Amino acid sequence: MFTLTKEHRYLLYTRLDTLVLRIEEYISGVAPWPDKYRIQMPASSGRRARTFYAGTSREVAELAAGFIESA
């Protein structure tokens, strides 16, 4: 059993750094995701890991950017 995904990358520029957002697009597999695109944000000091899902890669990138900005 496997899940086939396609990867999209977005660059997020902050005042101090440039981050690469790696967004996965669900193509096919045994366990469908709640939506077509997802990004998995790792845990950091004082913050839990999160996974965001949305209908477009841009929407997922915006959710991730908001998550990063709220730190």
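The values are calculated or read from the model by the stated rules, or taken from the named source; none is laboratory data. Computed from a predicted model, the values in this text were never measured in an experiment. Note that we place each Cβ from the backbone using ideal geometry, even for glycine, and neighbour counts take in every protein chain shown.
Select the strands (runs of 3 or more DSSP E) contained entirely in the chain, then report the ones holding at least 1 residues which are on the phi > 0 side of the Ramachandran plot and in contact (Cβ under 8 Å) with a residue 60 or more places away in the chain.
Values: elements: 3-13, 18-29, 37-41, 50-54.
Qualifying strands (runs of 3 or more DSSP E): none found.
Just checking, which of S44, S28, S70 is closer than 17 Å to L4 by Cα, loosely packed, with under 14 Cβ neighbours inside 10 Å, hydroxyl-bearing (S, T, Y) and modelled with pLDDT under 95?
Details: S44 fails: closer than 17 Å to L4 by Cα; S70 fails: closer than 17 Å to L4 by Cα.
After applying the criteria, what remains is S28.
Can you work out which of the residues in region 5-25 that are among the acidic types (D, E) and exposed (fewer than 10 other Cβ atoms within 10 Å of the Cβ) is nearest to the chain's Cα centre (by Cα)?
Step one: of region 5-25, the residues among the acidic types (D, E) are 7, 17, 24-25.
Narrowing further to those that are exposed (fewer than 10 other Cβ atoms within 10 Å of the Cβ): 7, 17.
Working: E7: 10, D17: 18 Å.
This residue is E7.
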Q | Selection status of R38, under 15 Å from S70 (Cβ atoms), surrounded by 12 or more Cβ atoms within 10 Å (Cβ to Cβ) and of a type in the set (D, E, K, R) | A | no
